[in-house]
């Protein structure tokens with residue numbers, strides 16, 4: 001208690017002696033602080049915050065740029081992958097188309113070769129039978145003998161669409177000429193065509209070409225040839 005009273009007494013004595021000076025110094029310090037020190041400290045704090053904000057913004061910007069870069073790389077990789085797949089598909093399709101065209105050309109060449117070979121071949125059975133007196137025998141030899149000389153024999157006109165379809169169907173199996181022969185009526189100048197047609201009609205009941213024989217047996221025309229191919233297959237004569 002005495003200490004407190006002594007302190008209070010000392011303070012009061014100091015204020016009595018230096019009170020106005022103390023008040024003046026306090027006011028002056030307050031003014032200086034508000035006018036100079038406060039602004040300085042405030043500016044310094046704002047600069048510090050600004051620097052930290054810039055650092056933060058730079059970090060955010062770097063992260064954003066990195067994210068954009070990674071996104072672009074993924075997009076580029078996806079684009080490259082799709083482009084590669086599309087290129088592979090185009091190459092496969094072009095290869096398939098080229099192989100298809102090549103097969104078609106080979107089939108056409110095979111058909112032409114078969115037709116040319118068969119049309120130019122004359123069986124020894126009918127050679128020398130050009131006499132008018134022997135037309136009937138000549139026709140019999142053609143209808144009865146020629147189909148038995150080969151596994152598959154086709155008669156018809158070279159301009160007939162069904163005849164061409166039959167030849168193309170059988171030619172797809174690439175049969176050797178020893179197994180497949182073709183005779184074009186319009187190119188057999190020494191054949192008695194009227195007698196041949198009469199014999200075919202009377203024996204097989206078929207009025208229109210083509211006439212298809214398998215192992216010497218008459219099977220019919222285009223549709224019958226297709227049916228035979230589905231059920232038995234001309235490939236068996238390879």
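Of all residues being more than 41 Å from the chain's Cα centre (by Cα) and closer than 18 Å to residue 164 by Cβ in the stretch 207-218, which is modelled with the lowest pLDDT? Just the residue, please.
Looking at the filtered set, the residue picked out is 208.
Need a quick list: strands (runs of 3 or more DSSP E) entirely within the stretch 167-238 having at least 3 residues that are touching a strand residue (DSSP E or B) at 6+ places or on another chain (Cβ under 7 Å) and touching a residue at least 40 places away in the same chain (Cβ under 8 Å).
Because the criterion is at least 3 residues that are touching a strand residue (DSSP E or B) at 6+ places or on another chain (Cβ under 7 Å) and touching a residue at least 40 places away in the same chain (Cβ under 8 Å), the strands (runs of 3 or more DSSP E) in the stretch 167-238 that meet it are 180-184, 211-214.
Kindly list, by first and then second residue, each pair from a residue in the stretch 129-143 that is in the same structural domain as residue 190 (by TED's automatic domain parsing) and surrounded by 14 or more Cβ atoms within 10 Å (Cβ to Cβ) to a residue that is in a loop (DSSP other than H, G, I, E, B) and modelled with pLDDT of 80 or more, limited to pairs with Cβ atoms under 6 Å and residues at least 6 apart or on different chains.
Listed pairs, sorted by first residue: 135/192; 138/192; 139/192.
With the structure loaded, tell me whether residue 176 is over 22 Å from residue 229 (Cα atoms) and modelled with pLDDT under 90 or whether it fails that test.
Against the criterion (over 22 Å from residue 229 (Cα atoms) and modelled with pLDDT under 90), residue 176 does not qualify.
Here are 93, 106, 35, 55: which of them is assigned to a helix (DSSP H, G or I), within 30 Å of residue 166 (Cβ to Cβ) and at pLDDT below 85?
On inspection, the qualifying residue turns out to be 106.
Filter the stretch 144-162 down to residues that are out of contact with any helix residue (DSSP H, G or I) (no Cβ under 8 Å at 6 or more places or on another chain) and surrounded by 20 or more Cβ atoms within 10 Å (Cβ to Cβ) and give me whichever is farthest from residue 193 (Cα to Cα).
The residue in question is 150.
The values are calculated or read from the model by the stated rules, or taken from the named source; none is laboratory data. Since we're looking at a predicted model, the values are computed, not measured. Here Cβ is always computed from backbone atoms with ideal geometry, including for glycine, and neighbour counts include all displayed protein chains.
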